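Asker: Below are the structure tokens for one structure; questions will follow.
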Amino acid sequence: METVLITGASSGIGRELAKLFAADGARLVLVARREQRLHELANELRRDHKTDSIVIAKDLADPAAPRALFDHLAAEQVEVDVLVNNAGFGALGRFIWLPPDRQTAMAQLNVVTLTELTRLFMQGMANRNRGGVLNVASTASFQPGPYMAVYYASKAYVRFLSEALAHEFRTTDITVSCLCPGPTETEFGADSGMESTALFWSTMTAERVAAIGYHGFRRGKRVIVPGLLNKIGAYAVRFTPPLLVRTLIGKIQHPKD
């Protein structure tokens, strides 16, 4: 039986991915801060798919969390076959005005925690020569983002890391994919302050994004951009002058201050 660890599993894309993996017969390791929501999801997966889940309530923005999570599962002799790095958050505002603690936590969760979890769990995958990693980035990874500078930069890191690892493991039975959704109907819009911007005038459902990401991962696709408009926007920046790209993103995201 395949064991799949999903971070940020309590809502949104992470929750929908958990349902898809469970429907495929996987055992889930569900990780997020909100324990009650994780238990509710675990009960739903057991009812609908007859699959068991391990619930671990943990704040992955804590620098000690990745090693603690890995050690806990190792002590329980749980081998992770697929790692889904979905946890992350953003914040809209001027770089020098956003609370420094929030930006540090963002970099820790979006970049450092993801990197450490990937390194820790891929070691076992490499030893067994099987498994996979699905990292959730964003269409933000394709350009710089004025007024969300750290978030955009962190997602660019996730995409480039994923593409590099996919190349390193191309001759193995280990899949590395990067899901790059655009605006999606999750809690991210409200939590980040992005919900009122023009970027969120057109959104995809978390269920649809997760389905595209899941099937792309199963097919071994390296970069997965759900939705035609998102694809056009993500790849158009390659042919657009950088100054124009920065100007447009800045206008769309300019905070009301």
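Asker: Going by the structure shown, is residue 169 over 17 Å from the mean Cα position of the chain (by Cα), crowded, with 17+ Cβ neighbours inside 10 Å and modelled with pLDDT of 95 or more?
Answerer: yes
Asker: Which of the following residues is in contact with a Lys or Arg (Cβ under 7 Å, 6 or more places away or on another chain), surrounded by 15 or more Cβ atoms within 10 Å (Cβ to Cβ) and without any contact (Cβ under 8 Å) to a residue 40 or more places away in the chain: 42, 65, 57?
Answerer: None of the others qualify; the one that does is 57.
Asker: If I filter the stretch 2-20 for residues that are of a type in the set (Val, Ile, Thr), in contact with an Asp or Glu (Cβ under 6 Å, 6 or more places away or on another chain) and not in a loop (DSSP other than H, G, I, E, B), do I get at least one hit?
Answerer: Yes, the stretch 2-20 contains at least one residue that is of a type in the set (Val, Ile, Thr), in contact with an Asp or Glu (Cβ under 6 Å, 6 or more places away or on another chain) and not in a loop (DSSP other than H, G, I, E, B).
Asker: Could I ask something else about it? Of the residues that make up the stretch 105-128, is at least one closer than 18 Å to residue 246 by Cα, in contact (Cβ under 8 Å) with a residue 60 or more places away in the chain and not small (Gly, Ala, Ser)?
Answerer: No - not one qualifying residue is present in the stretch 105-128.
Asker: Do the conditions hold for residue 197, that is, is it at pLDDT below 90, over 30 Å from residue 169 (Cβ atoms), in contact with an Asp or Glu (Cβ under 6 Å, 6 or more places away or on another chain) and crowded, with 17+ Cβ neighbours inside 10 Å?
Answerer: No, not satisfied.
Asker: Can you pull out every residue in the stretch 16-44 that is over 12 Å from residue 2 (Cα atoms), among the charged types (D, E, K, R) and more than 16 Å from the chain's Cα centre (by Cα)?
Answerer: Residues satisfying the conditions are 34, 35, 37, 40, 44.
The values are calculated or read from the model by the stated rules, or taken from the named source; none is laboratory data. Treat the numbers as computed from the prediction; the structure is a model and nothing was measured. Backbone-built Cβ (ideal geometry, glycine too); neighbour counts: all protein chains shown.
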